[in-house]
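The values are calculated or read from the model by the stated rules, or taken from the named source; none is laboratory data. From a predicted model like this one, the values you see are computed outputs, not experimental measurements. For neighbour counting, all protein chains shown are included, and Cβ atoms are generated from backbone atoms with ideal geometry for every residue, glycine included.
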Amino acid sequence: MTREEFMGRLRRGLVGLPIAAAQDIISDYDSHFRDGVAAGRSEAEVAAALGDPDRLARELRAESTAQRWTQEQNPSAAVGAIFGLIGLGALDILILLPIVLPVFGTVLTVLFMGVLVFVGGAIALVVGPFLGGPGGAFAAVLLGIGIMGIGMFMTGLGALLTKWLVDATVWYARLHYRVLKPALGTSAPATYQV
């Protein structure tokens, strides 16, 4: 494979990364070719030593999304990290999906239900005093505040569990890839830190 073929495939694989990060990666791999040719190796030898550019792009994108999650920790970064790491093509992630999806679904349901319980408590707080229930207006206000507190607890617990699950997924995928990569026999250089 020539330098142009390798770099073209790598560029196509990095589409979607921030432009500055992609340019840094491209210049890094371009310098590998310059150094290799200067040392008397052919472009094909350098390309073979660097590995498959499509796989390198997937690795670099996955690492970039995982690092974005560690820096930002918002829903968008979480989804990007999970799908970026799934994009590495680890087979056992597909095997784990029937286990992981219900767990994520349950945690997200707790998060969503916490929001609904909070809203229900707010409605009870506002409307309750006017309904004339047992205990009067004061009891209705306390009931609304109590329900809102339960909703806040459920929402906080759901958010905390979601963060832990995303962290665990990222950790597992990175660990799995470190174990899987030597078995695949790739001779790529160390992953570039974006």
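Here's the yes/no breakdown for (1) over 16 Å from the mean Cα position of the chain (by Cα); (2) at pLDDT 85 or above:
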| site | (1), (2) |
| --- | --- |
| Met1 | yes, no |
| Leu10 | yes, yes |
| Ile19 | yes, no |
| Arg34 | yes, yes |
| Ala38 | yes, yes |
| Leu50 | yes, no |
| Glu63 | no, no |
| Gln71 | no, no |
| Pro75 | no, no |
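Looking only at residues in segment 1-49 that are among the β-branched types (Val, Ile, Thr) and surrounded by 18 or more Cβ atoms within 10 Å (Cβ to Cβ), which one is nearest to Glu59 (Cα to Cα)?
Applying the first criterion (among the β-branched types (Val, Ile, Thr)) to segment 1-49 yields 2, 15, 19, 25-26, 37, 46.
The next check asks that each one be surrounded by 18 or more Cβ atoms within 10 Å (Cβ to Cβ); those that pass are 25, 46.
Working: Ile25: 12, Val46: 19 Å.
The selected residue is Ile25.
Looking at segment 28-41, is at least one residue farther than 25 Å from Val170 by Cβ, in a helix (DSSP H, G or I) and either touching a residue at least 60 places away in the same chain (Cβ under 8 Å) or not assigned by TED's automatic domain parsing to the domain that holds Ala77 (or both)?
Within segment 28-41 (the criterion being farther than 25 Å from Val170 by Cβ, in a helix (DSSP H, G or I) and either touching a residue at least 60 places away in the same chain (Cβ under 8 Å) or not assigned by TED's automatic domain parsing to the domain that holds Ala77 (or both)), the answer is yes, since at least one residue qualifies.
Quick one: would you say Gly133 is in a helix (DSSP H, G or I) and at pLDDT below 95? Working first, answer last.
On the way: in a helix (DSSP H, G or I): no; at pLDDT below 95: yes.
The answer is no for Gly133.
Of the numbered conditions (1) part of a helix (DSSP H, G or I); (2) surrounded by 14 or more Cβ atoms within 10 Å (Cβ to Cβ); (3) modelled with pLDDT under 80, Ile95 satisfies every one except a single condition; which is it?
(2)
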